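Coordinate-derived values only; no laboratory data. Small disclaimer: the values here were computed from a predicted structure and weren't measured. No Cβ is skipped: glycine too gets one built from the backbone with ideal geometry, and neighbour counts run over all protein chains shown.
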Amino acid sequence: MTETRVHFYQVGSFAVGNRLLSDADRTVQASPERTNSLDAGHRACQGCGEALGARYALDAAMRATGGRLVAVNATGCLEVFSTPFPETSWRIAWLHSLFGNAPAVATGVAAAMRAKGRDDVRVVGQAGDGGTVDIGFGTLSGLFERNDDVLFICYDNEGYMNTGVQRSAATPPTARTATSEALGADPGNVFGQGKDLPRLAMAHDIPYVATATVADLHDLERKVERAMTFRGARYLHVLVPCPLGWGAASADTVRLARLAAESGFFPVFEAEHGVVTGVRRIRRRVGVEEYLRPQRRFAHLFAGEGRPDLVARLQALADANIQRYGLAPEEE
Amino acid sequence: MLQQLEGSRAVAETVARCRPEVVCAYPISPQTHIIEALGAMVKDGRLAPCEFINVESEYAAMSVSIGASAAGARTYTATASQGLLFMIEAVYNAAGLGLPVVMTLANRAIGAPINIWNDHSDAMAVRDAGWIQLFAETNQEAADLHVQAFRLAEALSVPVMVCMDGFILTHAVEAVDLIDQAVVDSFLPPYEPRQVLDPDDPVSIGAMVGPEAFEEVRYLAHLRQLDALELIPSVAEEFAALTGRASGGLLHPYRLEDAETVIVAMGSVLGTIKDAVDARREAGERVGVLGVAAFRPFPIAAVADALHGARRVIVVEKAFSLGMGGVLATDVATASPASGPDLATVVAGLGGRPITRRDVEGVLERSARGTLPRLSFLNLDEDVVARERARMAASRRSGPFAENVLRDVATGGARR
């Protein structure tokens, strides 16, 4: 096999390539020792945020557990695109059962490992936002309440993308989906609905809750590793832009994730035992418009005379996040 | 040693001796006493190493069972009625994945109208799910069937449901001989899974299967059920050799020799039916009973063989398919030759309505006189039905019909 030297460049985002970091600070992905838990050849769309997030999260979990890991997957894009048998992209023990039961199945795996005296084997449950905030919420809340020893990861792309882009309880207001069309006086998804899962998770007083995006993969890996230092229920909510569902360019996945965080629209923080212990402060603040404009699901906010009133309401949501979590940049 | 035990206690004690590794539970009457007892046994350490997971729903109970079984643990749960329906997606999934979960079903009616008492509607609702469904006639058999259930499930990689009549068996105290731990240990080897979630040998389980292979995968599951038709009797024989008890098997024939009229039924009502048959035999009638112990897989050949020579077959069943008729009766008809016996279905015992020996003798009398319809409902109060039908015809806003019927029954429009 011939070796190709890969060059990393600064990208104007405060992100730097691993080249500039000490070995200890480099990502799990930078190491040839990584597991490649979700291996090449899967059928995800170009620019899929979920594939990116899952790859980083699971490889970090594998490193943190010394390879003693079982993954349980809800039905959804990640399940479908990863197992086009006779091929599978999973190089870790992996089970898919149903759409709404991944948390409970993960509980069962953890219970079996404990009964068999193998509680060195850790369990990750994973689902999209539909499998987490909607159909899987009952079983997830049960997992949290019992403090079962499972890290549950939600890859949030803010809708039912696998079934053709329908609204979920994680879809933001005004976003167009196939069940919240950009029609009428209140185009797209309505204000005043939806679930804030990280806060709901915190309300269960579980040991660890964190949010992350695929724009800051060091942060994502660090949070997975932090989560693995706890026993009990842990929740990680990762924003994963979806080029298909968001109507965005495949090349913009990481940029949009960054804009979501830098606008305050998606707050990045972590909490232990129900108390916020750290936030990722905004480094260069942007208005929500900069985040919304590249996405066709928000196109109706900017077509013709546009809907500055709705953009202002979305900005208010971002401002409220910034206020709630103290996300404002240092200089403000 | 015979002991006076509640059915639920006998089942819990027997399940405990099967050394389950994960027990998960969500309470629903009349299953509660079973999981309460097992929970206590885990709590005091008697079942160690065993995990008891008190989940938030039956959907979770079966899903936890799926995860535990896929990770190689011997897994048990119990449910009834609405609980079974709430977990039905996972019930199909456990079978589809080939996971040998054992579950007790404390048979209970399904609402609406809500009703906590016994019939077989719940079991019938999942007859196509791919589980082996065994029906217990007595508490002794209910207890014994659980040992056989784990053996069958793990041998075949198929989940097994032990059906026992809610309250009639679960809450009845009668003499039961609990199986010795040593006998269970010799009968039930440690679980050796065909597939397991293991970081040292990672496999992917639960991939999408498209039209290119779905039929073959489903047919293989059907073949495992057919394998069960062979294994169920041999496991029951082996069990009988160890314990001297004729628990399990495919069918429980009773006084079928030379019988012209045969009643087919499942579960605890068989005892009543046998008493009625004994009485009619004493009166010189050639009647017999065929108890169906294995409902899924359905022993078509064995039923056909047992009914050979019968002129009249009466299926007494505690469930029915609305707009169609008997469920068990349909299967019995499939097993009967085209030129076979007259087949009548008697739907009885719905929602816990008692079935007495006199009721059964009345059915046999009507059958002998030729006045038993192809489909009838035992002790149906025609007056109450007619009254509600009239009310519906008279007024568009006739109101909730279950409540109307209750009011009629309470105010003397009642039967008897």
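Listing for the model above:
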{"item": "Burial order of peptide ranges B:401-408, A:204-211, A:119-126 (average beta-carbon count within 10 Å, highest first)", "result": "A:119-126, A:204-211, B:401-408"}
{"item": "Shielding by other protein chains, A:66-72, mean Cβ within 10 Å", "result": "4"}
{"item": "Span from the segment A:89-132 Cα centroid across to the segment B:12-57 one, whole angstrom", "result": "21 Å"}
{"item": "Calculated diffusion of chain B, Stokes-Einstein form, Kirkwood radius summed over Cα pairs, 25 °C and 0.890 mPa s, µm²/s", "result": "110 µm²/s"}
{"item": "Gyration tensor verdict on segment A:50-138 (Cα atoms; rounded if a/c is under 1.5, prolate if a/b is larger than b/c, oblate otherwise)", "result": "oblate"}
{"item": "At 1.567 mPa s and 4 °C, Stokes D of segment A:186-332 from Kirkwood alpha-carbon radius, µm² per second", "result": "80 µm²/s"}
{"item": "Tilt relative to chain B, helix B:269-282 - C-alpha long axis, 0 to 90 degrees, to 10", "result": "50 degrees"}
{"item": "Hydrodynamic radius of segment A:245-332 per Kirkwood, over alpha carbon pairs, in Å", "result": "13.8 Å"}
{"item": "On Cα atoms only, tilt of B:401-410 relative to the major axis of chain B in degrees", "result": "60 degrees"}
{"item": "For peptides B:70-78, A:191-199, A:47-55, sequence by mean Cβ density within 10 Å, most packed first", "result": "B:70-78, A:47-55, A:191-199"}
{"item": "Computed over the protein assembly as shown, the ratio Rg/Rh where both radii use C-alpha atoms and Rh is Kirkwood", "result": "1.06"}
{"item": "Percent of C-alpha pairs per 10 Å bin, chain A, short to long", "result": "6, 26, 36, 23, 8, 1, 0"}
{"item": "Shielding by partners - mean other protein chain Cβ count within 10 Å, residues of B:205-213", "result": "5"}
{"item": "Shielding of B:193-204 by partner chains, average beta-carbon count, 10 Å", "result": "6"}
{"item": "Using alpha-carbon coordinates, inclination of helix A:137-146 to the longest axis of chain A, degrees", "result": "50 degrees"}
{"item": "Amide H contacts of A:Gly232 (H built 1.01 Å from N, under 5 Å, at least 5 apart or other chain)", "result": "A:Asp149, A:Val150"}
{"item": "Cubic angstrom per residue, convex hull over Cα atoms of segment B:224-300", "result": "97 Å³"}
{"item": "For segment B:41-134, the spread of Cα positions along each principal axis, largest first, Å", "result": "41, 30, 24"}
{"item": "Relative contact order (%) - chain A, alpha-carbon pairs under 8 angstrom, separation at least six", "result": "15 percent"}
{"item": "Surface/4 estimate of mean projected area, convex hull on alpha-carbon atoms of segment B:2-243, nm²", "result": "13.2 nm²"}
{"item": "Using θ = phi - 60° and Karplus 6.51 cos²θ - 1.76 cosθ + 1.60, couplings along segment A:236-241 (whole Hz; Gly, Pro as x)", "result": "10, 10, 10, 6, 10, x"}
{"item": "Highest-first arrangement of B:176-186, A:127-137, where packing means the average Cβ count within 10 Å", "result": "A:127-137, B:176-186"}
{"item": "Segment B:256-396 - Debye-derived log10 I(q)/I(0), Cα point model, q = 0.18 Å⁻¹", "result": "-1.01"}
{"item": "Solvent-free Debye scattering, log10 I(q)/I(0), computed from the Cα coordinates of segment B:86-184 at q = 0.17, 0.24 Å⁻¹", "result": "-0.79, -1.25"}
{"item": "Cross-link reach list, aspartates and glutamates versus A:Lys195, counting only Cα pairs under 16 Å and skipping chain neighbours closer than eight places", "result": "A:Asp129, A:Asp134, A:Asp156, A:Glu158"}
{"item": "Helix-only mean residue ellipticity at 222 nm for the protein assembly as shown, each DSSP H run of n ≥ 4 adding -39500 (n - 2.57), per residue, nearest 500", "result": "-11500 deg cm²/dmol"}
{"item": "Rg(Cα)/(2.2 N^0.38 Å) for segment A:132-179, N = residue count", "result": "1.34"}
{"item": "Kirkwood-based Rg to Rh ratio, segment A:97-250, C-alpha trace", "result": "1.01"}
